[in-house]
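Step one of this worksheet: look at the structure below.
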Amino acid sequence: AQKVTQAQTEISVVEKEDVTLDCVYETRDTTYYLFWYKQPPSGELVFLIRRNSFDEQNEISGRYSWNFQKSTSSFNFTITASQVVDSAVYFCAPGGPNNDMRFGAGTRLTVKP
Amino acid sequence: NAGVTQTPKFQVLKTGQSMTLQCAQDMNHEYMSWYRQDPGMGLRLIHYSVGAGITDQGEVPNGYNVSRSTTEDFPLRLLSAAPSQTSVYFCASSLWGTGRNEQYFGPGTRLTVT
């Protein structure tokens, strides 16, 4: 089974600041997958990214970037130049080949104008 | 495409009552799951299905039943509601592999058990 720790319960930043959300996972699977989801105040869950364990390249999508470090079992998420619309709860979720997935407790990000 | 739909959006039950939360998807996804979300605990997997006629337990299955008679529908039944089942319930579907693939979530059902 997967395990995941999102140590930051809440983060508050001012607009245009950069912010990094931490995610540390545990798994016994040699092949596994890592996900980030966003839950804005409206409550829906929005998929952001999926990485598999064989691909350690960092990824950038606009203001979002992800740093996958297999050696430290971390998959951190950085928002550059944060905006008020980025305010949400962000979940990191490792998944395995046996239909098991664990969501972290989430990090609530508040971006103030 | 409507994606994943859930009904009802809100429900209040009394302890001991039973009810069914409905979930449907129109994306022809084989995998469907039910999660509950409680404050500070993220989402926890209740039950999942890898195809019509096949279901399995997740992390917190007690007090819930599921069935999958069609690809499209995956209802969740609360057999005898308890206050500990007060939560927000999300249904999700994915093309392949609950842990391997992006999941599409429904809008959620907020359930209160008094």
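The values are calculated or read from the model by the stated rules, or taken from the named source; none is laboratory data. In this text the structure is predicted, and so the values were computed from the model without any measurement. Note that we place each Cβ from the backbone using ideal geometry, even for glycine, and neighbour counts take in every protein chain shown.
Could you tell me whether region B:85-92 includes any residue that is among the aliphatic types (A, V, I, L, M) and away from chain A (no Cβ under 13 Å)?
No; the residues of region B:85-92 include none that is among the aliphatic types (A, V, I, L, M) and away from chain A (no Cβ under 13 Å).
Out of A:G104, A:G96, report the one residue that is within 23 Å of B:R110 (Cβ to Cβ) and either modelled with pLDDT under 90 or of a type outside the set (S, T, N, Q) (or both).
A:G104
What's the number of the only condition in (1) touching a residue at least 12 places away in the same chain (Cβ under 8 Å); (2) under 17 Å from B:E102 (Cα atoms) that A:E44 fails to meet?
Condition not satisfied by A:E44: (1).
Among the candidates B:V12, B:V50, which residue alone is within 14 Å of chain A (Cβ to nearest Cβ) and either in a strand (DSSP E or B) or in contact with a Pro (Cβ under 6 Å, 6 or more places away or on another chain) (or both)?
None of the other options fit; the residue is B:V50.
Of the residues that sit in region B:93-114 and are assigned to a strand (DSSP E or B) and of a type outside the set (S, T, Y), which one is farthest from the other protein chains (Cβ to nearest Cβ)?
This residue is B:V113.
Among A:A93, A:A81, A:A88, A:A105, which is the only one that is among the small types (G, A, S), under 16 Å from B:R44 (Cα atoms) and either away from chain B (no Cβ under 14 Å) or surrounded by fewer than 21 Cβ atoms within 10 Å (Cβ to Cβ) (or both)?
A:A105
With the requirement that a residue be exposed (fewer than 13 other Cβ atoms within 10 Å of the Cβ) and either in a strand (DSSP E or B) or among the basic types (K, R) (or both), what does region A:1-20 give you?
Result: A:E10, A:S12, A:V14, A:K16.
Does region B:15-47 hold any residues that are facing chain A (nearest Cβ under 9 Å), of a type in the set (G, A, S) and in contact (Cβ under 8 Å) with a residue 40 or more places away in the chain, and which are they?
Within region B:15-47, just B:S33 meets the criteria.
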